[in-house]
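A quick write-up on the structure given underneath.
The values are calculated or read from the model by the stated rules, or taken from the named source; none is laboratory data. Please read these numbers as outputs of a predicted model, since none were measured by experiment. Neighbour counts are summed over all protein chains in view; Cβ atoms, including those assigned to glycine, are modelled from backbone coordinates with ideal geometry. Keep in mind that these areas ignore ligands, DNA and RNA; they rest on the heavy atoms of the full protein, side chains included. Shrake-Rupley method; radii C 1.70, N 1.55, O 1.52, S 1.80 Å.
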Amino acid sequence: MATIAEVKTFRVPPRWIFVRVTTDDGLVGWGESIIPKRAGAVVAAIEDMARNLKGYDADRIEDIAQRLRRGAFFRGGPLLGTAASGIEQALWDIKGKRHSLPIYEFLGGRVRDRIRAYAWIGGDSPAGVVEHARERISQGFSAVKMNATPAIPYLGGGAIIDAAVERVAALRDAFGGKLDIALDLHGRVSRAALKPLLKEIEQFRPMWVEEATLPENEESLTVLARAAGSIPVATGERLASRWEVKRVLDTGAVDIIQPDISITGLFELEKIARLAEIYDVAVAPHCPNGPVSLAASLQIGFCTPNVVIQEQSLGLHYHQGFSGLPKGEMHDYLADSAPLTTIDGAFAPLAGPGLGVEIVGEVVENRATDWFLPDADWTHIDGTYAEW
């Protein structure tokens with residue numbers, strides 16, 4: 001029996017939290033936690049959890065996951081979820097390395113030969129989307145996602161809505177039907193503004209509208225579904241468990257669920273995908289994160305048939321540095337970038353053991369800092385704080 005000897009965290013550029021688990025027989029696994037704007041709290045939660053794990057059997061992953069999520073009595077939520085997920089991903093990485101198998105082989109084996117991916121265009125206040133989309137097409141992508149709007153007020157946002165419609169129209173004019181376009185509303189658009197925005201955008205057949213309502217407004221999903229018309233509705237990146245996902249699925253208003261493996265955990269994402277399959281709902285895992293989170297998400301994508309597309313963050317605007325923080329990219333920490341490189345806009349199966357990527361520990365250690373990522377100064381014109 002190999003036991004957990006050490007759990008250590010590293011904050012690395014541009015905004016990632018890596019988790020390294022080492023066993024008493026020398027195997028090393030990597031995980032990734034998120035919520036960078038509360039990185040100190042996440043790291044502290046991981047450290048608290050790690051104190052309960054030293055000397056514990058590293059193979060008992062589901063038992064450990066249950067203990068991390070239930071043992072403290074007060075539980076749930078993304079912060080505790082991401083702390084537990086970082087540890088759990090690393091344990092799956094170790095299990096795969098011990099048996100020389102990719103993780104998907106433990107969960108039923110591959111159901112597909114490739115996973116389509118999409119890339120981001122624009123930024124938080126989207127601009128230059130046609131030029132950026134052309135660049136993404138040249139990289140092999142046939143699907144892109146962009147923020148639909150900057151901050152938008154409850155009322156009087158007609159000009160912002162018009163600008164959003166013009167951007168989508170420009171993409172359709174430039175690329176016709178050969179480009180799939182997803183719109184992320186980021187929970188920014190109020191119910192009053194949502195109706196005219198979706199009515200105008202429907203004609204351009206977006207791939208989906210994402211986070212058009214906030215996760216705490218589950219009752220608004222049915223209103224959203226009516227307003228969206230023929231546009232598929234996607235949500236779920238801020239949900240932490242299959243119980244939260246089930247409540248959303250039970251509304252009947254969601255067409256695509258988007259859990260983030262660094263919130264739910266690896267095995268929980270697989271369970272969520274199986275649950276969504278019962279509801280005839282597709283899965284498009286959320287992952288504007290680093291290389292470990294992406295590799296873990298792909299492991300689930302390759303063994304679950306209703307995963308339809310994978311988000312990935314190469315070239316994402318978030319990687320360009322915040323408030324003086326260094327820049328960073330997914331491939332900076334990999335011994336070999338090939339497993340996380342798309343070919344014709346899709347990922348091939350990760351054939352290596354565990355997560356299927358090799359993290360260079362020395363690079364992680366050398367680039368690790370106690371960076372602090374401040375909250376966005378995201379306000380309406382009247383000074384009230386806006387949904388970011």
Cα to Cα, under 21 Å, and not fewer than 8 places away if on the same chain: which lysines meet these conditions relative to Lys327?
-> Lys37
Select from Ala39, Ala65, Asn52 the residue farthest towards the positive end of the dipole of the stretch 34-75; place +1 on Cβ of Lys and Arg, -1 on Cβ of Asp and Glu, and compute about the Cα centre.
-> Ala39
Just report the Cα centroid separation between the stretch 255-280 and the stretch 95-121, whole Å.
-> 15
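May I ask you to derive the relative contact order of the stretch 260-350, considering only C-alpha pairs under 8 Å and at least 6 residues apart, and to give it as an integer percent? Mind dumping the intermediate values first?
Details: 100 pairs, mean separation 23.2, N = 91.
That works out to 25 percent.
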What is the chain's relative contact order, in percent, from Cα pairs under 8 angstrom and six or more apart in sequence?
-> 22
Take the solvent-accessible surface of the protein heavy atoms, probe 1.4 Å, and return the percent of it on the chain that carbon and sulfur atoms account for.
-> 52
Sort the stretch 1-58 into rounded, prolate or oblate with this rule: let a ≥ b ≥ c be the square roots of the eigenvalues of the Cα gyration tensor; rounded if a/c is under 1.5, and if a/c is not under 1.5, prolate when a/b is larger than b/c, oblate otherwise.
-> oblate
Using a Gaussian network for the chain with springs between C-alpha atoms less than 10 Å apart, which of these wobbles most: Pro326, Pro78, Pro206?
-> Pro326
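Taking a ≥ b ≥ c as the square roots of the Cα gyration tensor eigenvalues, with a/c under 1.5 meaning rounded and otherwise prolate when a/b beats b/c, else oblate, which class fits the stretch 105-192? Each step should come with its number before you reach the end.
Working: a/c = 2.98, a/b = 1.61, b/c = 1.84.
The shape class here is oblate.
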Ratio Rg/Rh [Cα only; Rh per Kirkwood] for the stretch 289-373 | 0.99
Report the GluC sites (Glu not before Pro) located in the stretch 74-179 that are in a DSSP loop and have at most 12 other Cβ atoms inside 10 Å of their Cβ, or state none.
-> none
What percent does the relative contact order of the stretch 1-66 come to when contacts are Cα pairs within less than 8 Å and at least six residues apart?
-> 35
For the chain, what is the charge dipole size about the Cα centre, in debye to the nearest 20, if Lys and Arg each add +1 at the Cβ and Asp and Glu each add -1 at the Cβ?
-> 360
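Quick one: grab the alpha carbon gyration tensor of the stretch 31-71, order the square roots of its eigenvalues as a ≥ b ≥ c, and give me rounded if a/c is under 1.5, else prolate or oblate depending on whether a/b is larger than b/c. Before the final figure, lay out the partial values.
Working: a/c = 2.22, a/b = 1.98, b/c = 1.12.
Prolate.
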Projected onto the charge dipole of the stretch 131-267 (unit charges on the beta-carbon of Lys, Arg, Asp and Glu, signs +1, +1, -1, -1), the Cα from Leu185, Pro196, Ala159 with the largest positive-side position is that of Pro196
Charge-dipole axis of the chain as Lys and Arg at +1 and Asp and Glu at -1 on Cβ define it, positive-most pick from Thr213, Ala376, Pro288 | Thr213
The size of the Cβ-based charge dipole (Lys, Arg +1; Asp, Glu -1) of the stretch 142-286 about the Cα centre, to the nearest 20 debye, is 180
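Kindly report the accessible area of the chain per residue (heavy atoms of protein chains, probe 1.4 Å, no ligands, DNA or RNA), in Å². Write down the numbers at each step before the final one.
On the way: 15750 Å² over 388 residues.
Result: 41 Å² per residue.
Would you mind working out the magnitude of the charge dipole of the stretch 35-94 relative to its Cα centre, with +1 at each Lys and Arg C-beta and -1 at each Asp and Glu C-beta, to the nearest 20 Debye?
Numbers: 9 positive and 8 negative charges, 73 e Å.
It comes to approximately 340 debye.
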Aspartates and glutamates within cross-link reach of Lys246: Cα-Cα under 18 Å, excluding same-chain residues under 8 positions apart?
-> Glu210, Glu211, Glu216, Glu218, Glu219, Glu237, Asp255, Asp260, Glu268, Glu270, Glu277, Asp280
For the chain, state what percent of all Cα-Cα pairs lands in each successive 10 Å bin, counting from 0 Å until the bin that includes the largest distance.
-> 5, 24, 34, 26, 10, 2, 0
